[in-house]
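The values are calculated or read from the model by the stated rules, or taken from the named source; none is laboratory data. Everything quoted here is computed from the prediction, not taken from an experiment. Glycine gets a Cβ as well: all are built from the backbone with ideal geometry, and neighbour counts include every protein chain shown. Areas reflect the complete protein model, heavy atoms only, side chains present, ligands, DNA and RNA absent. Shrake-Rupley method; radii C 1.70, N 1.55, O 1.52, S 1.80 Å.
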Amino acid sequence: MKIFLAGAAGAIGKRLVPLLLDAGHHVVGTTRSIIKADVLRATGVQPVVVDVFDVSALSRAVCTARPDIVVHQLTDLPPGLDQTMMAEGTRRNARMRREGTRNLVAAALAAGVHRLVAQSIAWMYAPGPEPHGEDDPLDVHAPGTRAITADGIATLERLTVASPPINGVVLRYGHLYGPGTGADAAEIPSLHVDAAAWAAVLAIDKARSGIYNLAEPNRYLSTDKARRELGFDASFRLTA
Ligand SMILES: NC(=O)c1ccc[n+]([C@@H]2O[C@H](COP(=O)([O-])OP(=O)(O)OC[C@H]3O[C@@H](n4cnc5c(N)ncnc54)[C@H](OP(=O)(O)O)[C@@H]3O)[C@@H](O)[C@H]2O)c1
């Protein structure tokens, strides 16, 4: 299939590209950087230089690519989640989730795309009995910056699963660690970046429209649905 990978040069995108190419897909991958576009091309990706907030350029890029599937791995976070930059990063990332996702969905609809797989996060559940399942409410009434993040997530997820005729899949990832993330370990619920990328491949092949929790075994949330329906295994790692 032809995959339009928004965020091909990001922490997850870099690990996802070789998996998609190995699976025989043609990958059109986005970046805002001409230098990163050259790197993507060298790895076998057809690069597109585009900013998700440039509505007409994004629509042109997706319509020209005419992909079967759009994969949304866009975030706007500081490198290594640098805490000194996280307040501003939280606002920027929420904007990415609200406006960036809206633009990407509009472009996908204009291009006649029928499937969207989008990255979300798995630690935004409102307080309540654990482990949390995918149907538990999000913490949109939380105090402080958590509410900004929860609102961004709620919008991204609604746009993904409720933009017919698009069949939308939301991947709620745990805290990432591993190559390119700036972390060798992560707090619970944790997820190795390779397993996060692998979940996107499984979602392309197998997921029904809806939401999936993806994390290593933990007491905070259940990953039963992903393991049962996708065959997700959090111990997956890319070979060297
Ligand atoms: N679940 C999690 O814990 C989680 C999830 C995601 C990220 N993170 C962490 O956040 C940190 C930063 O992540 P990252 O290195 O992937 O970088 P990032 O700056 O968050 O960017 C991610 C991707 O989004 C793209 N992007 C950002 N703004 C864009 C825009 N306006 N238009 C088009 N594309 C845009 C970037 O493309 P360009 O090539 O143009 O830069 C990149 O491919 C890392 O430490 C990572 O581990 C954690």
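Taking the options GLY29, GLY44, name whichever one is of a type in the set (Gly, Ala, Ser), part of a strand (DSSP E or B) and out of contact with any Lys or Arg (no Cβ under 8 Å at 6 or more places or on another chain).
Working: GLY44 fails: part of a strand (DSSP E or B).
Result: GLY29 is the single residue among GLY29, GLY44 that is of a type in the set (Gly, Ala, Ser), part of a strand (DSSP E or B) and out of contact with any Lys or Arg (no Cβ under 8 Å at 6 or more places or on another chain).
Return the pairs, sorted by first residue and then second, in which the second residue is in a strand (DSSP E or B), the first residue lies in region 166-191 and is charged (D, E, K, R), the beta carbons are less than 7 Å apart, and the residues are 6+ apart or on different chains.
ARG172/SER120; ARG172/ILE121; ARG172/ILE211; ARG172/TYR212; ARG172/ASN213; ARG172/LEU214; ASP184/TYR177; GLU187/HIS175
Against the definition (crowded, with 16+ Cβ neighbours inside 10 Å and either more than 26 Å from ALA183 (Cβ to Cβ) or within 10 Å of the ligand (Cβ to nearest atom) (or both)), how does LEU20 come out, yes or no?
Details: crowded, with 16+ Cβ neighbours inside 10 Å: yes; either more than 26 Å from ALA183 (Cβ to Cβ) or within 10 Å of the ligand (Cβ to nearest atom) (or both): no.
So LEU20 does not fit the description; no.
How about region 59-77: which of its residues are in a loop (DSSP other than H, G, I, E, B) and within 16 Å of ARG32 (Cβ to Cβ)? Working first, answer last.
So in region 59-77, the residues in a loop (DSSP other than H, G, I, E, B) come out as 66-68, 73-77.
Selection gives GLN73, LEU74, THR75, ASP76, LEU77.
Only one of GLY178, GLY182 is touching a helix residue (DSSP H, G or I) at 6+ places or on another chain (Cβ under 6 Å), within 13 Å of the ligand (Cβ to nearest atom), over 22 Å from ARG228 (Cβ atoms) and open to solvent by 70 Å² or more (accessible area, probe 1.4 Å). Can you tell me which? Let's see the steps before the verdict.
Values: GLY178 fails: open to solvent by 70 Å² or more (accessible area, probe 1.4 Å).
Only one candidate qualifies: GLY182.
Against the condition within 16 Å of the ligand (Cβ to nearest atom), assigned to a loop (DSSP other than H, G, I, E, B) and either more than 13 Å from the chain's Cα centre (by Cα) or over 24 Å from GLU88 (Cβ atoms) (or both), how does GLU130 come out, does it pass? If you could, list the steps in order and put the result at the bottom.
Numbers: within 16 Å of the ligand (Cβ to nearest atom): no; assigned to a loop (DSSP other than H, G, I, E, B): yes; either more than 13 Å from the chain's Cα centre (by Cα) or over 24 Å from GLU88 (Cβ atoms) (or both): yes.
Judged against the criteria, GLU130 is not a match.
Determine which member of the set ARG91, ARG115 is in contact (Cβ under 8 Å) with a residue 40 or more places away in the chain, within 18 Å of the chain's Cα centre (by Cα) and more than 20 Å from VAL201 (Cα to Cα).
Exactly one residue qualifies, and that residue is ARG91.
Within region 23-45, track down each residue that is within 21 Å of ARG115 (Cβ to Cβ) and either crowded, with 24+ Cβ neighbours inside 10 Å or away from the ligand (no atom under 14 Å from the Cβ) (or both).
Pass one, region 23-45, residues within 21 Å of ARG115 (Cβ to Cβ): 23-30, 45.
Within region 23-45, ALA23, GLY24, HIS25, HIS26, VAL27, GLY29, THR30, VAL45 qualify.
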